[in-house]
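What follows is one structure encoded as structure tokens, with my remarks underneath.
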Amino acid sequence: MLQSDWEERCAARKRAQMESIPREWIIEPLPKDQLNVMDVPRQCGLLNSLELEITETVDVQTILDKLRQAEWSSVQVTTAFYKRAIIAQQLTNCLTEIFVERALERARELDEHLSKTGTPVGPLHGLPISLKDQFTMKGLETIMGYAKWIGNYAESDCVLVEILNECGAVPFVRTNVPQTLMVDFVLLAHSFREFTALQWGETMNHVFGRTLNPYNLEFTPGGSSGGEGALVAMKGSPLGVGTDIGGSLRIPSSFCGLYTLRPSYGRLPYSGAMNALEGQESISSVLGPMTNSLSGVKIFTKAVLDAKPWLKDPLVLRKGWDESEYQLVNHGNGGQLCFAIMWDNGVVKPHPPLHRAMKLTKQALEAAGHKVIDWEPHRHLEIYKNAETIFAADGGHDYRQQCEGFEPLIQTMSPSTDKHENALDEPLVKGLVGEPYHRTAHELWQLHTEKRELRKSHLDHWRATVGRTGTGRPVDAIIAPAVAYTAVPHGLNTDSFYTTLCNALDYACSVFPVTIVDPEIDDPHPPHRFYNHEDEHIYKLYNSDLFPGCPVALQLIGGTQEEEAVIGMTEIVVTALDKLDSK
């Protein structure tokens, strides 16, 4: 029996959130038929010319330079991004915690320190940073999409927040997540005793509601870091932090046209952050940055690693920033590299805009003097099935425990009105995994054993490419879609095959934007021999007129613990694409 007041508890918390917004930052409602809201911050009149200049500066290094030189104060920068974040909130519902005065007080302290000493506090001095609603901050609620957690105030900062403060950053907002957080394999309840397996990469919960994609409000920004995706896309934050266990950094970054890094297990500090599926450590959740500039990815990663996070989090590897790896000493010193294109993964074929993005990337890399070969998929469906079965090993107990007696488990991510007619109610993962049930410890160990064998098999497959590269090395990195499509209407995001592969194999990887959907050239492909019913569903979903202007992004996949090299190789790819675009 649910508590009868759960809806009022959620409504009261949402009202409190609205009351935390300064009244003078409320903008006029938009026409209901305006779906792309990316230009609203520039047009609504809330931001003055300096605030527009600050928030339109996408290069994080430029913002930091101006802060260190006192050309811009931290109060100015924090205020500018806070106002823009509140605009983004009104349009996309991307925020959870709003604490304006606390953040501005922190910014004033940093400005005073710089004024008195002439030195910045750290490598992120004065920079506002947004955080997914998992990263605990002392004195603030960490609700993480659960009605039960309303009033759950943190007694201390998580390790990441400790380090960001030591680095001089200004944590200033927290962002929305899905109920259960673990969106790539949500266990839906017909009742609290019967569960079926479905997939949704959405950001919606009973407490704060649904987050929308600013490129098209009828589309999802992805999940579970969808709040960060929408906020950063609207330039309401110069740098956000999300998490990823099955694609939760890369899918929102892909849908929202952002850069991100999915690091390997134990590289960046997760201690003290809240999570779903606590104790599941075979495929660990990791944190990473989400930004509008690749420089922001490097700056964040280097700053956190230089802070020696292993001294605060015992699960972090004792491995600081390695400049030689960033300079690609193990990849021909960044000379002629060999990339492999994963045109499809043998499970679902990507939509035409993704295929065009891969062709553009191949053309750009070859024009820059690099080699590009085709990637041959290896046991992808086995890897995916193993990962999803591990995620479901508790039979839904974790989600049931958090929801039962407090709120209903969300049973559909499709909107209640104007539901898209092509919603997929039987995604492939359900057939792969079957009905979830509590697996015994021995059964779980067997899944772990299988995962180790699959990782070794895939590594051997990658190493064997040395015979095809012509560089004397195996393939340096794989270029692939992060998702089989661009952002899609609410309720239709079912694909995490491309991303979960990297979580299961623990490959470090990035996402980088390439282009946008162009209905003039992204014509539907002719029907192919479908791998399965979900592949057929995704094929039929594509209509070039449905997605115009949506960002198209790709994923660069490197080896385990190769974060610096992944950043370095992504810079090479992005530079090559920029040169191709300028011709």
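Hey, any hits in segment 430-443 for a residue that's closer than 28 Å to Phe219 by Cα, under 23 Å from the mean Cα position of the chain (by Cα) and either surrounded by 22 or more Cβ atoms within 10 Å (Cβ to Cβ) or modelled with pLDDT under 85 (or both)? So far as segment 430-443 goes, no, none of its residues is closer than 28 Å to Phe219 by Cα, under 23 Å from the mean Cα position of the chain (by Cα) and either surrounded by 22 or more Cβ atoms within 10 Å (Cβ to Cβ) or modelled with pLDDT under 85 (or both). When we screen Asp344, Asp322 for residues that are in the same structural domain as Leu546 (by TED's automatic domain parsing) and farther than 30 Å from Gly222 by Cα, the only hit is Asp322.
Within segment 564-576, work out how many residues are more than 18 Å from Pro350 (Cβ to Cβ) and either out of contact with any Gly (no Cβ under 7 Å at 6 or more places or on another chain) or at pLDDT below 95 (or both). Full working, then the answer.
Narrowing segment 564-576 to residues more than 18 Å from Pro350 (Cβ to Cβ): 564-572, 574-576.
Checking the rest, the ones that are also either out of contact with any Gly (no Cβ under 7 Å at 6 or more places or on another chain) or at pLDDT below 95 (or both) come to 564, 567, 570-571, 574-576.
Summing the residues that are more than 18 Å from Pro350 (Cβ to Cβ) and either out of contact with any Gly (no Cβ under 7 Å at 6 or more places or on another chain) or at pLDDT below 95 (or both) in segment 564-576 gives 7.
Applying the condition of being assigned to a loop (DSSP other than H, G, I, E, B) and charged (D, E, K, R) to segment 107-140 and asking which residue is surrounded by the fewest Cβ atoms within 10 Å (Cβ to Cβ) yields Lys138. The criterion of at least 1 residues that are aromatic (Phe, Trp, Tyr) and either within 28 Å of Cys338 (Cβ to Cβ) or modelled with pLDDT under 95 (or both) is met, among strands (runs of 3 or more DSSP E) falling completely within segment 468-563, by 509-516.
Taking the listed residues Ser510, Ser582, Ser544, the one that is on the phi < 0 side of the Ramachandran plot and buried (at least 24 other Cβ atoms within 10 Å of the Cβ) is Ser510, with no other qualifying.
When the residues of segment 141-176 are filtered to those that are polar (S, T, N, Q) and part of a loop (DSSP other than H, G, I, E, B), the one that is surrounded by the fewest Cβ atoms within 10 Å (Cβ to Cβ) is Ser156. Within segment 273-303, the residues that satisfy the criterion of being among the small types (Gly, Ala, Ser) and under 15 Å from Lys132 (Cα atoms) are Ala273, Ala276, Ser285, Gly288.
Close contacts from segment 483-505, counting a first residue that is in contact (Cβ under 8 Å) with a residue 24 or more places away in the chain and crowded, with 24+ Cβ neighbours inside 10 Å and a second that is in a strand (DSSP E or B) and of a type in the set (S, T, N, Q), with Cβ to Cβ under 8 Å and a gap of 6+ residues or different chains, come to Ala487/Asn213; Ala487/Asn216; Tyr498/Gln555; Thr499/Gln555; Cys502/Gln555. Within segment 104-147, can you find the residues that are free of Cβ contacts under 8 Å to residues at least 12 places away in the same chain and closer than 12 Å to Arg174 by Cα? None; the set is empty. Candidates Ile26, Ile98: the one that is in the same structural domain as Lys298 (by TED's automatic domain parsing), of a type in the set (A, V, I, L, M) and surrounded by 14 or more Cβ atoms within 10 Å (Cβ to Cβ) is Ile98. Of the residues Gly320, Gly279, the single one that is modelled with pLDDT under 95 and either of a type in the set (A, V, I, L, M, F, W, C) or in a loop (DSSP other than H, G, I, E, B) (or both) is Gly279. Pro527 meets each of the listed conditions (1) within 24 Å of Thr560 (Cβ to Cβ); (2) surrounded by fewer than 16 Cβ atoms within 10 Å (Cβ to Cβ); (3) in contact with a Phe, Trp or Tyr (Cβ under 8 Å, 6 or more places away or on another chain) apart from (1).
For segment 304-315, the count of residues that are touching a strand residue (DSSP E or B) at 6+ places or on another chain (Cβ under 6 Å) and closer than 30 Å to Tyr153 by Cα is zero.
Can you tell me which of Lys349, Lys302 is crowded, with 16+ Cβ neighbours inside 10 Å, assigned to a loop (DSSP other than H, G, I, E, B) and among the charged types (D, E, K, R)? Let's see the steps before the verdict.
Values: Lys302 fails: assigned to a loop (DSSP other than H, G, I, E, B).
From the options Lys349, Lys302, the qualifying one is Lys349.
Would it be correct to say that Ile572 is touching a residue at least 24 places away in the same chain (Cβ under 8 Å) and not in a loop (DSSP other than H, G, I, E, B)? Criteria met by Ile572. Taking segment 1-106 and the helices (runs of 4 or more DSSP H) fully enclosed by it, the elements with 2 or more residues that are over 26 Å from the mean Cα position of the chain (by Cα) are at 6-19, 49-55, 60-68, 74-92. On inspection, Leu258 fails the criterion of being over 17 Å from the mean Cα position of the chain (by Cα) and in the same structural domain as Ile572 (by TED's automatic domain parsing).
Take segment 436-464 and flag every residue that is farther than 15 Å from Tyr384 by Cα and of a type in the set (Asp, Glu). If the condition is that a residue be farther than 15 Å from Tyr384 by Cα and of a type in the set (Asp, Glu), then Glu443, Asp460 are the ones that fit.
Which of the following residues is at positive phi, at pLDDT below 95 and more than 12 Å from the chain's Cα centre (by Cα): Thr180, Thr196?
On inspection, the qualifying residue turns out to be Thr180.
State yes or no: is Glu376 closer than 28 Å to Thr486 by Cβ, touching a helix residue (DSSP H, G or I) at 6+ places or on another chain (Cβ under 8 Å) and outside the structural domain of Asn503 (by TED's automatic domain parsing)? When the stated conditions are applied, Glu376 does not pass them.
The values are calculated or read from the model by the stated rules, or taken from the named source; none is laboratory data. Computed from a prediction, not measured in an experiment: that's the story for all the values here. For neighbour counting, all protein chains shown are included, and Cβ atoms are generated from backbone atoms with ideal geometry for every residue, glycine included.
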